Every structure is written in structure tokens, then in C-alpha cells.
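See below for the structure under consideration.
No value in this document is a laboratory result; all are computed from the given coordinates. None of these values were measured; they are calculated from a predicted model. Methodologically, a virtual Cβ is constructed for each residue, glycine included, from the backbone with ideal geometry; neighbour enumeration extends over all protein chains shown.
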Amino acid sequence: MEWEEFIMSTRVAELTVDEFKQFIESTVEWKLLEMLGDPDEGLELREEIQARLRRSLKAEREGVKGIPAQEVAAELGLEWRRV
């Protein structure tokens, strides 16, 4: 059973807190996509960007670590906070 079918056949009072959070997140995401759409829909990635993404995915599969987000934020003068 897919998430939407599960939710439609379940009363809110029957949901766990985590299920309710997931329901809210899914609903907000769906509504934003409905209202705003995907601004990149129909566009194609340039070959150089595709190659860069392939290299990045390959490096990740091979265990190569990227630059930690905290370091990037610090270099940009931003404060990194985990939520």
C-alpha cells in the first residue's frame, strides 16, 4: 500500500507522531510542487555538469569524502547549525 492510500484509509487519531509528521511533510511538499512547479522541468543538463555529477557520484561510491558542510559555511562566513 502506498503512503497516500495508507493515509486515506487511516484516521488522524490512529497515526503515530512520526506517521503524522511524514503526512504533514508530504502534504506540504506536494502543495508547494503544485503551486510552484519545477522551474527546471524540461531543461537539460549541460554535458559538463553531467560529467561533474558522474565524477561526484563515483567518488562517493569509492568512499571519497567531500568538504564538510561546516567548513564550507565557515569559508563563506556563514554559521552552520544542525536542526
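Couple of notes before you dig in:
- For region 11-75, the helices (runs of 4 or more DSSP H) that sit wholly inside it and include 1 or more residues that are in contact with a Phe, Trp or Tyr (Cβ under 7 Å, 6 or more places away or on another chain) are 17-36, 69-75.
- Candidates are the residues of region 27-44 that are surrounded by 10 or more Cβ atoms within 10 Å (Cβ to Cβ) and of a type outside the set (Lys, Arg); the one that is farthest from residue 12 (Cα to Cα) is 33.
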